[in-house]
1. Using a 1.4 Å probe on the protein heavy atoms, what percent of the accessible area of segment 109-251 belongs to carbon and sulfur?
2. Strictly over 28 Å apart at the Cα level, which of Lys50/Lys192; Lys43/Lys192; Lys31/Lys247; Lys69/Lys260 would you flag in this model?
3. Over segment 146-297, average the accessible area per residue using a 1.4 Å probe and give it in Å², no decimals.
4. Taking a quarter of the surface of the Cα convex hull of segment 122-197, what do you get in nm²?
5. Can you tell me the length gained on complete extension of the stretch Trp378 to Thr324, counting 0.36 nm per residue apart and subtracting the Cα distance?
6. Apply 1/(1 + (r/R0)^6) to the Cβ-Cβ distance of Arg91 and Leu206, taking R0 = 41 Å, and write down the FRET efficiency to the nearest 0.05.
7. Using Cα pairs closer than 8 Å and at least 6 residues apart in sequence, work out the relative contact order for segment 1-106, in percent.
8. For segment 175-317, treating each Cα as an identical point scatterer without solvent, what Debye log10 I(q)/I(0) comes out at q = 0.12, 0.16, 0.19 1/Å?
Amino acid sequence: MQAIIFANRTGDELAPLNDHYCPARLPIGNKAVIEYTLEDIAKSGITQIKLIISSQAREIESFLCNGEKWGLEIEYFLSKPQEEAGSILKRLALDPDESLLLVRGDIFRSPSISQFIDFSKEFPSDFVQAKMESQNAGMMLLPAALPYLADIDWPFFSHFDSTSVVTLVLHGRSFMLDSFHSYMDANLCLAKNELPTLTPSERSYLSANAQQDFYVGTKAHTGDLTSQNGWGIIGNNCRIEEKVQLKESVVIGSNCLIDKESSIENSLILPNTYVGERLEVKNSILCQDLLINLQHLGVIQIKDQALIGANEIPAKPSENKTSTLTKLFLFVILILSLPLWPLLSVYSALRHTFSKHSEYSTISDTCIDNLGQTFKAWRWNIPGPISARLPQIYHVLTGRLDLFGDTPEARYATGKNDRRLGVLGPVQLLLDKSAPKEERQMLELEFDADNRASKYLHLLWRALRSQPQTITASHFL
């Protein structure tokens, strides 16, 4: 048996926290939600995993790698955000008679997969509906569950057909992570050690509360915890300065700095967050510069880094990926092509004048360079996406653009300034401007997930063989 894990939620219910973490990557007790699902699956004896991802796909794949850490073999598949399970399974071309575990990896539940599989095998012809705390537990077994695939889709909807359904009520706790309160409760329940069979993995330390302990990660500097009236979880590489007060349940993520004389009460501090001196944090979630008040459900972005902010070394600007040797080669091509420029310019103008369906105007693109500055980049209205962009080689030689990289819309849609902008990329070479936005996003995700060293050569070969077209996800699988 193999498992298909769905981790393709967008997390819009948690905005703007989902700008930092998609639901599958949300830390609960300093471990990502998806990790708990992987551990539960590994305990059931399943080793083959197909992981369906969408938002923050690159981060998830980089974090989980091939699954060796859990004794698993993970194969990644990209989907549209919150795409229906039925549509995804059709693309996977699975054996309809094969036993498959389908499970959501972006909700948090007590370990229960082994129990669910054993019970389901007793009813091979019936759909076994798993429930935990009267909620959909987000798991099903194929092929019996094929008519009920919609039950695994997010958001969950109630299932009313009871004629061919066997309901299994699982013991434990389940959190949908569809609100700030649900996410906070999941963390605080783990901090209080209230989840059956789930204990924080950090080392236990006594607190001033006789009934609750602290769980502290490696290389954490906490001071004397036995004088603290609170309890909870403190992650790796944390530093809690002098006279900090920890009250009631607290969960502090890895690489956090809690500065002098501050107070943390019944709150969650997510990884890489700085809490300033004498700051009082109560019933709140802090994520770098975000402060989420759970009492009023207000979200504030703090611009004063002396109060709260990111506790990490700023990333250095990524260096230009276009090597000196490549630039020299491009310079030679540019010089050799100069005698042809007048003819190509005339041909481009004629195509624009006489073609009613011309893809481009006569043509200047408004571009944004790697420093965020706007400028005009010329290209010809001629067949072939590579030859049309020959004038843009000049911007590669000056360092404004890379030869290979993202479109500006791809970079600024993600908000990641470490992504380089280039003249040539999957969207530039394989799609025309009429392609739907979803198709462009899917192509970018697929290309990002391609780890082959030769992927740009493969891209150029495809571009040389065909005109720009609408590309489906299967081109890069």
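The values are calculated or read from the model by the stated rules, or taken from the named source; none is laboratory data. Keep in mind the model is a prediction, meaning the values are calculated, not measured. Cβ placement follows ideal geometry from the backbone for every residue including glycine, while neighbour counts extend to all protein chains displayed. Ligands, DNA and RNA are excluded from the accessible area calculation, which covers all protein heavy atoms including side chains. Shrake-Rupley method; radii C 1.70, N 1.55, O 1.52, S 1.80 Å.
1. Answer for segment 109-251: carbon and sulfur cover 49 percent of the accessible area.
2. The pairs that break the limit, which is 28 Å between Cα atoms, are Lys50/Lys192; Lys69/Lys260.
3. For segment 146-297, the solvent-accessible area averages 47 Å² per residue.
4. Projected over every direction and averaged, the Cα hull of segment 122-197 covers 5.8 nm².
5. Stretched out fully, the Trp378 to Thr324 stretch lengthens by 17.1 nm.
6. That gives a FRET efficiency of 0.20.
7. Relative contact order, segment 1-106: 43 percent.
8. At q = 0.12, 0.16, 0.19 Å⁻¹ the computed log10 ratios are -0.44, -0.80, -1.12.
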